[in-house]
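Step one of this worksheet: look at the structure below.
Since every read-out is calculated from the coordinates, none of them should be taken as a lab result. In this text the structure is predicted, and so the values were computed from the model without any measurement. In this analysis, Cβ positions are derived from the backbone assuming ideal geometry, glycine residues included, and neighbour counts consider all displayed protein chains.
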Amino acid sequence: MRRKIFLRPCRFLTFIFVLVTTSTAAESWKAGVARVDITPKESIWLAGYASRKKPSEGVRQRLHLKALALEDSAGVVSVLVTADLGGFRADVTKQIVRRVTATHGLARERFVLNASHTHSGPITTVNRYSTYPLNDQHKEAILRYQAQLIDNVVKVIGEAIGNREAATLSYRLGLAGFAVNRRRVGHPEYPGPTDHDVPVLAVKKTDGSLLAIAFGYACHATVLSDYQINGDWPGYAQEAIEKRHPEAVALFVNGCSADQNPLPRRKVELAQRYGDTMAIAVDDVLKRAMRPIGGPLRAAFDEVALPFRVPTEEELKGRLNDKNRRVREHAERLLKILAAGGDLMRAYPYPIHVWRFGEDLTFIGLAGEVVVDYSIRFKRAYGARNTWVSAYNDDVFSYVPSLRVLKEGGYEGGGAMLFGTLPGPFRAAVEETLVEKVDELVRRAGGSPDQE
């Protein structure tokens with residue numbers, strides 16, 4: 001005898017609401033994905049370590065550029081680009097923006113360029129004040145690669161847009177634990193925060209098969225430091241995920257990993273092991289019930305001026321006798337700029353993206369090497385389960401410290417600026433200046449604090 005099932009009115013309405021919500025999320029998207037091999041075709045200087053003395057010597061792993069195009073129910077297209085590179089720099093990004101807007105008609109807020117920050121990928125730009133000992137041959141190789149890279153970004157975005165088909169989006173957090181706050185190495189008195197969340201965005205075709213898997217983690221890609229081209233642990237992670245899901249393209253989105261290192265490191269098997277660990281973490285998420293993601297995708301983009309503490313010419317001249325060679329060399333570079341009639345940069349034009357996927361997910365895309373404090377703060381403000389914070393977007397120009405890290409000092413607190421031509425550490429207002437602009441953009445994209 002069959003049992004009759006009765007639903008109370010409130011439960012029935014809830015049931016219908018869940019069905020409608022799930023159906024809306026399932027039917028409102030189109031998605032396309034594409035990839036292109038960007039492995040250098042010649043020996044080239046690698047980015048990331050100032051200690052290197054020569055260009056690359058062979059390829060351990062192929063590098064890739066990938067794009068995920070998403071079209072919401074309003075027909076608006078947004079594209080996430082990920083790259084096995086140390087980073088996009090402002091001069092390269094500006095060229096890409098011009099080409100992409102002209103060729104594909106995408107507004108600036110509608111595409112993000114994220115780099116894995118592998119320290120075994122090629123330098124993509126030439127600066128006459130570079131700390132790398134580049135000769136003319138090295139520079140020519142870099143400029144050839146830069147031109148190819150820009151062409152490939154335009155190409156992969158176009159292919160992803162052209163590959164769009166009906167799709168569903170779903171999201172969930174996983175966990176992995178191999179990142180360590182590197183500032184505690186030698187400073188056990190430091191608090192050492194980490195962000196072990198693994199955000200996973202699954203893009204599926206209407207038949208339920210995976211089309212793309214975008215995932216993130218806050219950890220430097222610095223396991224390896226030799227002269228072999230490779231994607232470091234994120235490269236191995238993407239390979240491992242795609243072996244488990246050969247029908248899908250895996251895209252790694254780096255998090256706020258400025259002060260996060262994979263430890264221990266310096267062995268190939270460790271890079272592979274961390275990649276396998278990440279693949280398992282992503283798989284654990286994919287096996288669970290994931291939250292459907294609805295639209296529309298509202299996007300906001302702007303720049304904010306992050307202020308520097310700018311030294312005077314007299315202060316710079318006084319540093320020429322400093323015991324620290326890096327301090328002396330930094331002062332010499334800045335004095336050359338002044339002697340040539342130039343001005344020292346007083347603030348950095350810092351780009352920020354915010355994407356809001358309906359009421360379900362907020363993606364915050366920050367530039368530079370951002371310390372983990374920002375990820376923790378933004379998740380606290382906008383919801384830990386539905387806020388994805390990434391760094392290394394559009395312009396990897398320097399470290400971006402929180403006020404805490406700025407006060408502690410050290411490499412991430414301002415010491416890293418000795419390797420370039422930025423005038424000095426940021427001012428104490430750096431954190432609140434950045435946070436206020438993110439909050440403005442979140443609100444512009446239709447969000448508000450405490451959304452979860």
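Some values worked out for this structure:
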{"read-out": "In Hz, Karplus ³J(HN,Hα) per residue of segment 226-231 (6.51, -1.76, 1.60; θ = phi - 60°; x = Gly, Pro)", "value": "8, 10, 9, 5, 6, x"}
{"read-out": "Alpha-carbon centroid distance for the pair segment 358-414 / segment 39-104, whole angstrom", "value": "21 Å"}
{"read-out": "Mean Cβ neighbour count within 10 Å, used as a protection proxy, ranking 34-41, 309-316 highest first", "value": "34-41, 309-316"}
{"read-out": "Whole-number percent relative contact order across segment 307-452, with pairs defined as alpha carbons under 8 Å at least 6 apart", "value": "27 percent"}
{"read-out": "Cross-link partners of LYS66 among lysines (Cα-Cα below 21 Å; sequence separation of 8 or more within a chain)", "value": "LYS30, LYS41, LYS94, LYS155, LYS204, LYS205, LYS243"}
{"read-out": "Spatially proximal lysines relative to LYS379 (Cα-Cα < 19 Å; intrachain offsets below 8 disregarded)", "value": "LYS437"}
{"read-out": "Residue-averaged 222 nm ellipticity for the chain, from DSSP H runs of 4+ at -39500 (n - 2.57), nearest 500", "value": "-10500 deg cm²/dmol"}
{"read-out": "Nearby aspartates and glutamates by direct alpha-carbon distance to LYS267 (threshold 15 angstrom, same-chain neighbours under 8 apart not counted)", "value": "ASP226, ASP232, ASP276"}
{"read-out": "Model label zone, ASP91; criterion: amide N under 14 Å from point 7 Å along Cα-to-beta-carbon; scope segment 25-69", "value": "none"}
{"read-out": "Span-like helix ranges in the chain, DSSP H, alpha carbon extent 24 angstrom or more, Kyte mean at least -1.0", "value": "9-27, 136-162, 268-286"}
{"read-out": "Additional length obtainable on full extension of the chain from ARG108 to VAL268, 0.36 nm per residue less Cα span", "value": "53.8 nm"}
{"read-out": "Tensor-based shape of segment 239-283 (alpha-carbon gyration tensor, a/c under 1.5 rounded, otherwise prolate or oblate)", "value": "oblate"}
{"read-out": "Cα shape, segment 192-261, gyration tensor, a/c 1.5 rule", "value": "oblate"}
{"read-out": "Contact order relative to length of the chain, as percent, for alpha carbon pairs under 8 angstrom and 6 or more apart", "value": "17 percent"}
{"read-out": "Relative contact order %, segment 242-369, counting alpha carbon pairs below 8 Å whose residues are six or more apart", "value": "29 percent"}
{"read-out": "Size of electric dipole in segment 183-305: Cβ of Lys, Arg +1 and of Asp, Glu -1, about Cα centre, debye, nearest 20", "value": "280 debye"}
{"read-out": "Positive dipole terminus of the chain, leading residue within ILE337, PRO307, GLY414 (C-beta point charges)", "value": "GLY414"}
{"read-out": "Nonlocal amide H pairs with GLY216, under 5 Å, H built at 1.01 Å", "value": "VAL253"}
{"read-out": "Nitroxide proxy distance, nm - points 7 Å out along Cα→Cβ at LYS336 and GLU159", "value": "3.9 nm"}
{"read-out": "Dipole magnitude of segment 214-284 about its Cα centre (Cβ charges: Lys, Arg +1; Asp, Glu -1), debye to nearest 20", "value": "200 debye"}
{"read-out": "Rounded to whole Hz, the Karplus (6.51, -1.76, 1.60) HN-Hα couplings of segment 190-206, x for glycine and proline", "value": "6, x, x, x, 9, 10, 8, 5, 10, x, 10, 10, 9, 10, 10, 6, 5"}
{"read-out": "Per-peptide average of other Cβ atoms within 10 Å, ordering 421-433, 369-381 highest first", "value": "369-381, 421-433"}
{"read-out": "At R0 = 22 Å, FRET efficiency that the Cβ-Cβ distance of LYS317 and ARG427 yields, to 0.05", "value": "0.50"}
{"read-out": "Net charge over other residues, Cβ less than 9 angstrom from the Cβ of PHE419 (K, R count +1; D, E count -1)", "value": "0"}
